[in-house]
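S.K.: Can you read through this structure? Questions will come right after.
Bear in mind these aren't lab numbers, they're just calculated from the coordinates by the rules spelled out. It should be emphasised that the depicted structure is a prediction, and the values quoted were computed from it without experimental measurement. Don't worry about glycine lacking a Cβ; one is built from the backbone with ideal geometry, like all the others, and counts go over all protein chains shown.
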Amino acid sequence: MGDTASAASSKTSSTELSTLPVALDLRICPSCGDRASCPQAAGDNLRCVECGHRWPFRRLPLFALTGPSAAGKSTVGPKLAQQLAGEAVVLEQDVLWTGALRDDEPGHPAFRAAWLRMAAMLHQNGRPVVLCGTVAPQELEPLPERVFFSDVHYLALVADGETLGRRLRARPAWREWDEPRIAEMLEFNRWLRGQVECIDTTEAAVDDVVAAVARWVRAGIGETPESGPGTS
Ligand SMILES: [Zn+2]
């Protein structure tokens, strides 16, 4: 399949691991140009299913700062970006919640996959991504693009249900927080507590939450030998 394109690569041995990737999109094989629907990784190398070519990439951990709406992600995000400048790239996932990516599929796999590809591409610049936005591990872990990451760390900002409900009801009408949606979010808030590491923001000062999240990120970076802080 698509072997005509591999003629130019005949000089490149499939074991020549020092070859740098030529495409920023990690799904594209630098040798035959195939775009993998299910990328394969072995340690710090990607492998093309079509031609067997292997090439190195930076396999960094991804940090998912999740939680229900109104628990503080948006408040924490900008301060976290400031505090982690030079160490990590803090991003808001909702900027891609647009057009065709705004799908109605349960778990929004197209949206999630686009983010994993984007984060993995950013990782090739040497800084891990902290992705802020509501997500459950079950929505990322099964995706083929998960292989691009050494680990995905999850941390949820949660709050007391009554407080969350009050904050959501106070939001402007265009955000469409009706009672069924609020109930769904409160249920998610409860459920998350049993699923991932959590910080309860009900009474916490914003700066304390930011500091705790920054500690979580730095600890996760430290766990990964190839991405160790080193310079600091
Ligand atoms: Zn290939």
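S.K.: Can you tell me the 0 to 90 degree angle between the C-alpha axis of helix 73-83 and the longest principal axis of the chain, rounded to 10?
M.R.: On a 0 to 90 degree scale, this one is about 60.
S.K.: Next question, about the same structure. Using helices alone, what [θ] at 222 nm do you get for the chain, with -39,500 (n - 2.57) per DSSP H run of 4 or more residues, divided over all residues and rounded to the nearest 500?
M.R.: Working: 6 runs with 71 residues, N = 232.
Result for the chain, helices only: -9500 deg cm²/dmol.
S.K.: So how far, in whole Å, is the C-alpha centre of region 125-141 from the one of region 43-66?
M.R.: Using only Cα atoms to place each centre, the spacing works out to 16 Å.
S.K.: If amide H atoms are built 1.01 Å from N in the plane of the peptide, which residues on other chains or at least 5 residues away come under 5 Å of the amide H of residue 156?
M.R.: Amide H neighbours of residue 156, under 5 Å, 5+ apart: 66, 197, 198, 199.
S.K.: So what is the relative contact order for the chain, in percent, with contacts set as C-alpha pairs under 8 Å and at least six apart?
M.R.: Working: 347 pairs, mean separation 52.9, N = 232.
RCO, the chain: 23 percent.
S.K.: So for 66, 134, 75, fewest C-beta neighbours within 10 Å to most, what's the order? Before the final figure, lay out each step's value.
M.R.: Details: 66 26, 134 19, 75 15.
By the 10 Å Cβ count, ascending, the order reads 75, 134, 66.
S.K.: For the chain, set up a Gaussian network in which alpha carbons nearer than 10 Å are linked by springs, and say which option among 45, 189, 125 fluctuates the most.
M.R.: The residue that fluctuates most here is 125.
S.K.: Now for a separate question. FRET efficiency for residue 98 and residue 162, Cβ-Cβ distance as r, R0 = 30 Å, nearest 0.05?
M.R.: Details: r = 33 Å, r/R0 = 1.09.
Taking R0 as 30 Å, the efficiency between residue 98 and residue 162 is 0.40.
S.K.: Could you work out how far apart the two model spin labels at residue 204 and residue 75 are, taking each label as a point 7 Å from the Cα in the direction of the beta carbon, and quote it in nm?
M.R.: In this crude label model, residue 204 to residue 75 measures out at 1.1 nm.
S.K.: May I ask you to evaluate 6.51 cos²θ - 1.76 cosθ + 1.60, the Karplus curve with θ = phi - 60°, for each residue of region 38-44 and list the ³J(HN,Hα) values in order in whole Hz, giving x for glycine and proline?
M.R.: 10, x, 10, 10, 10, x, 9
S.K.: When the chain is treated as a GNM, springs tying every alpha-carbon pair under 10 Å, which of 117, 127, 169 comes out with the largest mean-square fluctuation?
M.R.: Of 117, 127, 169, the most mobile in the Gaussian network model is 169.
S.K.: What three numbers, in Å, describe the spread of the alpha carbons of region 62-225 along their principal axes, ordered from the longest?
M.R.: Sorted largest first, the three principal extents are 45, 37, 28 Å.
S.K.: Right, another one. Which longest uninterrupted range of the chain lacks any GluC sites (Glu not before Pro) assigned by DSSP to a loop state (not H, G, I, E or B) and surrounded by at most 15 other Cβ atoms within 10 Å? Could you put the intermediate results ahead of the total?
M.R.: Working: sites that count: 16, 176, 203, 223.
Free of exposed loop sites, the longest segment is 17-175.
S.K.: Further, regarding this structure: What distance in nm separates the two pseudo spin-label positions at residue 173 and residue 138, each 7 Å out from Cα along the beta-carbon direction?
M.R.: For residue 173 paired with residue 138, the spin-label model returns 3.5 nm.
S.K.: Please get the size of the charge dipole for the chain, origin at its Cα centre, with Cβ charges of +1 on Lys and Arg and -1 on Asp and Glu, quoted in debye to the nearest 20. Walk me through the numbers on the way to the answer.
M.R.: Values: 24 positive and 30 negative charges, 92 e Å.
With Lys and Arg at +1 and Asp and Glu at -1, about 440 debye.
S.K.: Further question on the same structure: How do 84, 96 line up, fewest other C-beta atoms within 10 Å first?
M.R.: On the way: 84 21, 96 17.
Fewest-to-most ranking of 84, 96: 96, 84.
S.K.: Looking at the chain as a GNM with Cα springs under 10 Å, which of 112, 190, 102 has the largest mean-square fluctuation?
M.R.: 102
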